[in-house]
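Chemist: Below are the structure tokens for one structure; questions will follow.
The values are calculated or read from the model by the stated rules, or taken from the named source; none is laboratory data. Just so you know, these numbers come straight off a predicted model, no measurement behind them. Positions of Cβ are backbone-derived with ideal geometry, glycine not excepted, and every protein chain shown enters the neighbour counts. Surface areas here come from the heavy atoms of the whole protein model, side chains and all, with no ligands, DNA or RNA. Shrake-Rupley method; radii C 1.70, N 1.55, O 1.52, S 1.80 Å.
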Amino acid sequence: MHKLENGEIPNCLQVESDPASPKYLDVPTSYKIAEPSFELGCDAHLNSVPQAGIFHSAAWATVLRDTYAYRPLHFSATRNDEPFSFLPFMEVHSTLTGKRGVSLPFTDACEPIGFTRDNFSAALQHLNAYGRTNQWKYWEIRGGSDLLGNHPPSLTFYTHKLDLTPGEGNVFANFESSVRRAIRKAEKCDVQVEISQSEEAMRHFYSLQCKTRKKHGLPPQPFSFFLNICRHLLAKNLGFVAVAKFKDKPVSASVFLQMNGHAVYKFGASDERFQDLRGANLVMWRGIQHCIRSSARDLDFGRTSLGNEGLRRFKLGWGATEQQKSYFKYDLRRNQFVKDSDRASGWHNLVFSQMPIGLLRIVGSLLYRHLA
């Protein structure tokens, strides 16, 4: 744990385990919104907070900051100057789409930590005041249904989480038979999977990602985003890339992130010409095995649009437990929670699918920072 020059331990992300403890009785709560000090090693504090994961970390915030030039903010509630509740934000300032606060862009979910319904309601008043002072159009929280369940969500998705604690044998046995057959087929076809934290592995993934995004009619995110994942996450042992190769040619790859016993399947990509080899299934299984051997307790498969039945069935096939995750958006000009539309599909998919990959990469580099 990093110490300041005077020997004090930084409490930038310290979360009090019991905010109702006697020392806090009748002590007023104060709320702070400030830029975090990444150099203080704040992520070390999150290891003692069971619900904290990679998306709460300063490392992930650094990826978003360095890639898209967003301004990171930490929203916390404190008593006796000790933070006991925490929610990271990014202030997005775009000439195209306006200024707003998002927790967090390009992040499947980021649950508020340590809040109760009562103090979160009070906290939102401070968040609203900050947003108006700083000319935000709105703020968005990706999670928080337990705290905001009385308000209409802006969007709702499926999420799927796999319990890894039973161990490799029991986890494998709980896969659907079609998934187990696909894994065995890939093994019989001599598909080999490499687990790596190298930039070369990320480049293999990105090449496949560009092809996959084109197939789905979407531009890829800029390569700088994935390079920053390498530098700020993989280099700190906070994730890995699993690459499936057939005769030394990459045919499928996935990016996994992990922290504090929680793993996330963040990105996956494949070369559809080799789909019959079932490399994607073997990549997932080898990734799961690595997560188990790295002491991860669960694996989050990320969000799935409610209308994407194919992806939903794929994730359920791995024995994952399904829930729904809601996002909440508050329009500061209209003073109300608002609904949003899932922009994953539409006319733009056809346009993007016709573009060459080189042009798609340029489009992604130009547009994504505005679309958070």
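Chemist: Is there a residue being touching a Gly at 6+ places or on another chain (Cβ under 7 Å) and either surrounded by 23 or more Cβ atoms within 10 Å (Cβ to Cβ) or in contact (Cβ under 8 Å) with a residue 12 or more places away in the chain (or both) anywhere in the range 34-55?
Modeler: Taking the range 34-55 and keeping what is touching a Gly at 6+ places or on another chain (Cβ under 7 Å), we get none.
No; the residues of the range 34-55 include none that is touching a Gly at 6+ places or on another chain (Cβ under 7 Å) and either surrounded by 23 or more Cβ atoms within 10 Å (Cβ to Cβ) or in contact (Cβ under 8 Å) with a residue 12 or more places away in the chain (or both).
Chemist: What do you reckon, is Gly364 small (Gly, Ala, Ser), within 24 Å of Leu164 (Cβ to Cβ) and either in contact (Cβ under 8 Å) with a residue 40 or more places away in the chain or surrounded by 14 or more Cβ atoms within 10 Å (Cβ to Cβ) (or both)? So that I can check it myself, show each step before the final result.
Modeler: Details: small (Gly, Ala, Ser): yes; within 24 Å of Leu164 (Cβ to Cβ): no; either in contact (Cβ under 8 Å) with a residue 40 or more places away in the chain or surrounded by 14 or more Cβ atoms within 10 Å (Cβ to Cβ) (or both): yes.
Against the criterion (small (Gly, Ala, Ser), within 24 Å of Leu164 (Cβ to Cβ) and either in contact (Cβ under 8 Å) with a residue 40 or more places away in the chain or surrounded by 14 or more Cβ atoms within 10 Å (Cβ to Cβ) (or both)), Gly364 does not qualify.
Chemist: Go through (1) at pLDDT below 95; (2) at negative phi; (3) surrounded by fewer than 21 Cβ atoms within 10 Å (Cβ to Cβ) one by one and return the number of the condition Asp81 breaks.
Modeler: So Asp81 meets the others, but not (2).
Chemist: On to the next question. State which residue is nearest to the chain's Cα centre (by Cα) when the search covers only the range 56-72 and only residues that are of a type in the set (Ser, Thr, Tyr) and farther than 27 Å from Asp118 by Cα.
Modeler: Looking at residues that are of a type in the set (Ser, Thr, Tyr) and farther than 27 Å from Asp118 by Cα, I get Thr62.
Chemist: Let me ask something additional. Do you know which residues across the range 162-195 are over 26 Å from Phe274 (Cα atoms), touching a residue at least 12 places away in the same chain (Cβ under 8 Å) and surrounded by fewer than 14 Cβ atoms within 10 Å (Cβ to Cβ)?
Modeler: Thr165, Gly167, Glu168
Okay, residues lined up against (1) modelled with pLDDT of 85 or more; (2) open to solvent by less than 40 Å² (accessible area, probe 1.4 Å); (3) at negative phi:
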{"position": "His2", "(1), (2), (3)": "no, no, yes"}
{"position": "Glu8", "(1), (2), (3)": "no, no, yes"}
{"position": "Ser57", "(1), (2), (3)": "yes, yes, yes"}
{"position": "Leu73", "(1), (2), (3)": "yes, yes, yes"}
{"position": "His93", "(1), (2), (3)": "yes, no, yes"}
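Chemist: Additional query: Being aliphatic (A, V, I, L, M) and touching a helix residue (DSSP H, G or I) at 6+ places or on another chain (Cβ under 8 Å) is the filter here, so list the residues in the range 55-70 that pass it.
Modeler: So the first thing to find is which residues in the range 55-70 are aliphatic (A, V, I, L, M), and the list is 58-59, 61, 63-64, 69.
Residues satisfying the conditions are Ala58, Ala59, Ala61, Val63, Ala69.
Chemist: Turning to a different aspect of this structure: Could you list, in sequence order, all residues of the range 125-137 that are open to solvent by 30 Å² or more (accessible area, probe 1.4 Å) and not β-branched (Val, Ile, Thr)?
Modeler: Quick first cut of the range 125-137, residues open to solvent by 30 Å² or more (accessible area, probe 1.4 Å) only: 125-126, 129-130, 132-135, 137.
Hits for the range 125-137 are Gln125, His126, Ala129, Tyr130, Arg132, Asn134, Gln135, Lys137.
Chemist: Somewhere in the range 310-321, is a residue under 28 Å from Leu124 (Cα atoms) and in contact with a strand residue (DSSP E or B) (Cβ under 7 Å, 6 or more places away or on another chain)? Show your work before the answer.
Modeler: Kept after step one, since they are under 28 Å from Leu124 (Cα atoms), are these residues of the range 310-321: none.
Scanning the range 310-321 turns up no residue that is under 28 Å from Leu124 (Cα atoms) and in contact with a strand residue (DSSP E or B) (Cβ under 7 Å, 6 or more places away or on another chain).
Chemist: Oh, and also: For Leu104, which of the numbered conditions (1) touching a helix residue (DSSP H, G or I) at 6+ places or on another chain (Cβ under 7 Å); (2) of a type in the set (A, V, I, L, M); (3) modelled with pLDDT under 55 fails to hold?
Modeler: Every condition holds for Leu104 apart from (3).
Chemist: Take Leu208 and tell me if it is among the aliphatic types (A, V, I, L, M), part of a helix (DSSP H, G or I) and modelled with pLDDT under 95. Even if it seems obvious, please write down each step before you answer.
Modeler: Numbers: among the aliphatic types (A, V, I, L, M): yes; part of a helix (DSSP H, G or I): yes; modelled with pLDDT under 95: no.
So Leu208 fails the test.
Chemist: Still on this structure, please answer the following. Mind checking whether some residue in the range 139-161 is among the charged types (D, E, K, R), at pLDDT below 95 and either open to solvent by 30 Å² or more (accessible area, probe 1.4 Å) or out of contact with any Cys (no Cβ under 9 Å at 6 or more places or on another chain) (or both)?
Modeler: Start the filter on the range 139-161 by keeping residues that are among the charged types (D, E, K, R), which leaves 140, 142, 146, 161.
Now restrict to residues that are at pLDDT below 95: 146.
Those left that are additionally either open to solvent by 30 Å² or more (accessible area, probe 1.4 Å) or out of contact with any Cys (no Cβ under 9 Å at 6 or more places or on another chain) (or both): 146.
Yes, the range 139-161 contains at least one residue that is among the charged types (D, E, K, R), at pLDDT below 95 and either open to solvent by 30 Å² or more (accessible area, probe 1.4 Å) or out of contact with any Cys (no Cβ under 9 Å at 6 or more places or on another chain) (or both).
Chemist: Follow-up. Among the listed residues Ser21, Ser17, Ser30, which satisfies the condition of being open to solvent by 10 Å² or more (accessible area, probe 1.4 Å), modelled with pLDDT of 65 or more, farther than 30 Å from Thr304 by Cβ and of a type in the set (Gly, Ala, Ser)? Outline the logic, then answer.
Modeler: Values: Ser21 fails: modelled with pLDDT of 65 or more; Ser17 fails: modelled with pLDDT of 65 or more.
Result: Ser30 is the single residue among Ser21, Ser17, Ser30 that is open to solvent by 10 Å² or more (accessible area, probe 1.4 Å), modelled with pLDDT of 65 or more, farther than 30 Å from Thr304 by Cβ and of a type in the set (Gly, Ala, Ser).
Chemist: Can you pull out every residue in the range 139-175 that is polar (S, T, N, Q) and in a strand (DSSP E or B)?
Modeler: Step one: filter the range 139-175 for residues polar (S, T, N, Q), giving 145, 150, 154, 156, 159, 165, 170, 174.
Within the range 139-175, Thr156, Thr159 qualify.
Chemist: Restricting the range 73-129 to residues that are assigned to a loop (DSSP other than H, G, I, E, B) and of a type in the set (Ser, Thr, Tyr), which is farthest from the chain's Cα centre (by Cα)?
Modeler: At the first step, the residues of the range 73-129 found to be assigned to a loop (DSSP other than H, G, I, E, B) are 80-81, 95-97, 104-112, 114-116.
Narrowing further to those that are of a type in the set (Ser, Thr, Tyr): 95, 97, 107, 116.
Details: Thr95: 25, Thr97: 22, Thr107: 4, Thr116: 23 Å.
It comes out as Thr95.
Chemist: Related question: Considering each residue of the range 104-119, count those that are touching a strand residue (DSSP E or B) at 6+ places or on another chain (Cβ under 8 Å) and closer than 22 Å to Arg79 by Cβ, and give that number. Break it down stepwise before answering.
Modeler: Residues of the range 104-119 touching a strand residue (DSSP E or B) at 6+ places or on another chain (Cβ under 8 Å): 104-105, 107-110, 112-115, 119.
Next cut, closer than 22 Å to Arg79 by Cβ only: 112-115, 119.
Count: 5.
Chemist: Right, something else. Within the bounds of the range 239-253, is there any residue that is at pLDDT 95 or above and part of a loop (DSSP other than H, G, I, E, B)?
Modeler: Going through the range 239-253, the residues at pLDDT 95 or above turn out to be 239-253.
Still in the list and also part of a loop (DSSP other than H, G, I, E, B): 247-248.
Yes, some residue in the range 239-253 is at pLDDT 95 or above and part of a loop (DSSP other than H, G, I, E, B).
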